[in-house]
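Q: Here you go, one structure.
The values are calculated or read from the model by the stated rules, or taken from the named source; none is laboratory data. From a predicted model like this one, the values you see are computed outputs, not experimental measurements. Cβ sites come from the backbone with ideal geometry, for glycine too, and all protein chains shown count toward neighbours. Accessible surface areas use protein heavy atoms only, side chains included; no ligands, DNA or RNA. Shrake-Rupley method; radii C 1.70, N 1.55, O 1.52, S 1.80 Å.
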Amino acid sequence: KNMIIHCNENSQNSVMHINIPGPFLPKINSKYKYTLVLDLDETIIHCPDQQEIQPLIRPGTEKFLSELSQYYEIVIFTAAMQDYADFILDQIDKEKKWISHRLYRQHTTVLKRSYLKDIAKLGRDLTKTIIIDNASDNFQLQTDNGIFITTWIDDENDTALYDLIPVLKEIAVKKVNDVRKALRKIRDTMIRFYVKGDSNPYNTVLSFIKGERKTTE
């Protein structure tokens, strides 16, 4: 059954927004050491119809959530309204076994008419927290914690989520002390090898994390 949209992430509404303080999340489950924050619209789904919610789901979403939820506390953080987001997430995670927490527009911090995701308000150790978003401005308050992912609309051949799985898994397996340092090296490595014509920089990055290649290459 379809429902009328109550503001997706890209919409504006006239309701006054109050920047509320954190922490937004309860104490982390002892089974997790790392937190992975995921955007919703154009990161893992796209709604082509602005009148009714009929989401297209990015290739690899279920595999991404099912595999990485074994290593990370997964938090969906969207600038969309709660009823819209919940309707979609209930379809993606039907048994509620992958996504630990959901945060919505009311949890964002408004700055210059933009809904920012201030992950410092989560109540999590920032050395163990990663945020993935298709709009880098959304995590501008903690850029070192962010992974930019390409915007997804409807490309059935997209592999962005598949490519990230082994990299994120290796960060957790290696028990990286500070993800911000790891992500900085990953970004630098990807840029360096992309410029050199590397057709799959994610595989190269994975080799560096595993220690199979030297960062001086």
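Q: Among the residues of the range 32-46, count how many are outside any strand (DSSP E or B) and closer than 18 Å to Val179 by Cβ.
A: 3
Q: Okay, moving on. Residue by residue through the range 83-106, note down the ones that are open to solvent by less than 30 Å² (accessible area, probe 1.4 Å) and either among the hydroxyl-bearing types (Ser, Thr, Tyr) or part of a helix (DSSP H, G or I) (or both).
A: Answer for the range 83-106, where residues must be open to solvent by less than 30 Å² (accessible area, probe 1.4 Å) and either among the hydroxyl-bearing types (Ser, Thr, Tyr) or part of a helix (DSSP H, G or I) (or both): Tyr84, Ala85, Ile88, Leu89, Ile92, Tyr104, Arg105.
Q: Identify all residues within the range 8-19 that are open to solvent by less than 80 Å² (accessible area, probe 1.4 Å) and either modelled with pLDDT of 95 or more or among the polar types (S, T, N, Q) (or both); write none if there are none.
A: Asn8, Ser11, Asn13, Asn19
Q: Looking at Gly22 and the list (1) in a loop (DSSP other than H, G, I, E, B); (2) open to solvent by 30 Å² or more (accessible area, probe 1.4 Å); (3) at pLDDT 95 or above; (4) not hydrophobic (A, V, I, L, M, F, W, C), which single condition is not satisfied?
A: Failed condition: (3).
Q: Run Thr143 past the list (1) within 21 Å of His46 (Cβ to Cβ); (2) at pLDDT below 95 and report the number of the one that doesn't hold.
A: That leaves (1) as the condition not met.
Q: If Thr204 satisfies all but one of (1) in a helix (DSSP H, G or I); (2) modelled with pLDDT under 90; (3) open to solvent by 30 Å² or more (accessible area, probe 1.4 Å), what's the number of the condition it fails?
A: Of the numbered conditions (1) in a helix (DSSP H, G or I); (2) modelled with pLDDT under 90; (3) open to solvent by 30 Å² or more (accessible area, probe 1.4 Å), the odd one out for Thr204 is (3).
Q: Could you check, for the range 70-82, whether at least one of its residues is open to solvent by 10 Å² or more (accessible area, probe 1.4 Å), at pLDDT below 95 and assigned to a loop (DSSP other than H, G, I, E, B)?
A: yes
Q: Return the total of residues in the range 28-48 being in contact (Cβ under 8 Å) with a residue 40 or more places away in the chain and surrounded by fewer than 18 Cβ atoms within 10 Å (Cβ to Cβ).
A: Number satisfying all stated conditions: 3.
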